[in-house]
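Computed from the coordinates by the stated procedures, all read-outs in this text should not be read as laboratory data. Owing to the predicted nature of the structure, the values given are computational and were not obtained by experimental measurement. A quick note on method: Cβ atoms are made from the backbone with ideal geometry, for glycine too, and the neighbour counts reach across all protein chains shown.
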Amino acid sequence: MATPRKPSLIEKLSKKVFLFIWFFVKKTNPNTARRLLYWGITDQAFLTEVPRDPILQTQALGKTFQNPIGISAGFDNSFKYNDELVRIGFGFSEFGTFTYHKDRDTAQTYFLPRQEAILVDLPSWPNPGIQYIQKQLIDRRRLPHIAGVSISSSLEVEDKDNKEFYTMLEQDVLRSVQLVAPYCDFITLNLSHPTMPITNLIHVPFQLASLLRTMKDHIQRHAPILTPKLVVKLPLELTDASIPLLADVFMQEGVDAVIIAGFSGSKSQKQRLGNSHMKGFVTGRPLMEPSTLLLSKFYQATKGKLPLIASGGVFTGEDAYRKICAGATLVQIHTALLFKGPDIANDINQKLALLLKQKGFKSVNEAVGSQYF
């Protein structure tokens, strides 16, 4: 195992100054804090060589991940920080979410420090458009690590039962698939936005199955050699009745993994945070328990045959370990990075490795779903 390079005194001081400024800015101006964080992860003061523990190597999606901790879509929607995310300890990255047409709507973001949560009023998916990211991917065709692209559709419709809408939606999604399939390791169909019309697909299983089938064919056609895997991201609020139906659709149509779960738009969740009067969706620590419960239900519905990626409320190595034992093969974070700073992935990985060893596991894969046996 390679010994990490020790930062110089100047680098250590630079890091302390950054963390000091960022700590206070994030309490008053979340958007400025995010921009500071973008700068921070590119600063050479942070780890440039991450120690790799063999116990963290994870087999998933036909690849070997150096560790199971990834950054979820939403942090980088312009594909600017690919190398930097690896350097600070992430095992994989997901970029986006992208739509075929660019959308410049900005999200109003509120940090809730006491709850380690974020309330974000997100009317759509702000992004520069899939054609922009295609150019970025082509320039970085040989990615130094495992990277995926999250896509969705911003098409609006008044009548969600309109069959023509589903035809247009499919065409919109497939145009995005065609542009990025040759250049990434996995493509995520993001159905996690609580109010976007495309999310209605989770309530229309036969339409969802048709779209997934067509996406698989399209991916194979446009990337026949290094074929990216197909992943689906679900919202947090699913009924118990819908879980086995969706699980059957995903397995029948050859979906390679499912991300559980996205935002919470429930009024009860905001009431618990004392922000029921504010518009928006919750992310962060409050989603740990409900998202882990949904993860557990999905793992049991699929009998462990469909790889699951946990998202929602992970802040510590203990959190990541719980997700893995509940059925997750991989784990994504986002809000924790904004609250804890650029060392978060390394901190989680070190604690996760220690827990796996203490519990007698030889690998992450061995621990997946272990709470059931």
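Of the residues Gln108, Leu179, Gln57, the one whose Cα sits farthest toward the positive end of the charge dipole of the chain, with +1 on the Cβ of Lys and Arg and -1 on the Cβ of Asp and Glu, is Gln57.
Averaging the Cα positions of each part gives two centres, and for the stretch 109-125 and the stretch 304-368 these lie 23 Å apart. Using the Cβ-Cβ distance between Thr214 and Asp139 with R0 = 22 Å, the FRET efficiency computed as 1/(1 + (r/R0)^6) comes to roughly 0.15.
Fully extending the segment from Glu156 to Thr106 would add 16.2 nm, taking 0.36 nm per residue of separation and subtracting the current Cα-Cα distance. Taking a 29 Å limit on the Cα-Cα distance, which of the listed pairs Lys16/Lys362; Lys135/Lys233; Lys135/Lys305; Lys216/Lys297; Lys305/Lys340 fall beyond it? Where the Cα-Cα span goes over 29 Å, the pairs concerned are Lys16/Lys362; Lys135/Lys305; Lys305/Lys340. Taking amide H positions as modeled 1.01 Å from N, with prolines and chain starts lacking one, the residues under 5 Å from Thr188 and 5 or more places away or on another chain are Val149, Ser150, Ile151, Val231.
What full-extension length gain, to one decimal in nm, is calculated for Ser242 and Arg221 as 0.36 nm per residue of separation minus the Cα-Cα distance? Working shown, then result.
Numbers: separation 21, 0.36 × 21 = 7.56 nm, distance 3.11 nm.
Contour length minus the Cα-Cα distance gives 4.5 nm.
Among DSSP beta bridges lying fully in the chain, give the percent that are antiparallel, nearest 5. Approximately 30 percent, going by the DSSP bridge assignments. The order of Arg221, Arg285, Arg104, Arg52, going from fewest to most other C-beta atoms within 10 Å of their C-beta, is Arg104, Arg221, Arg52, Arg285.
Determine the dipole magnitude for the chain: charges of +1 sit on the beta-carbon of Lys and Arg, -1 on that of Asp and Glu, nothing else is charged, the reference point is the Cα centre, and the result goes in debye to the nearest 20. Before the final figure, lay out each step's value.
Numbers: 43 positive and 33 negative charges, 228 e Å.
It works out to roughly 1100 debye.
Between 0 and 90 degrees, the angle of helix 30-42 with respect to the longest Cα principal axis of the chain falls at about 70 degrees.
Can you show me the helix-derived [θ] at 222 nm for the chain, built from DSSP H runs with n ≥ 4 at -39,500 (n - 2.57) apiece and divided by the number of residues, rounded to the nearest 500.
Numbers: 13 runs with 152 residues, N = 373.
Dividing the helical sum by the residues of the chain leaves -12500 deg cm²/dmol.
Could you list log10 I(q)/I(0) for the stretch 53-372 at q = 0.14, 0.16 Å⁻¹, which the Debye formula gives when each Cα is one point scatterer? Here log10 of I(q) over I(0) equals -1.09, -1.49.
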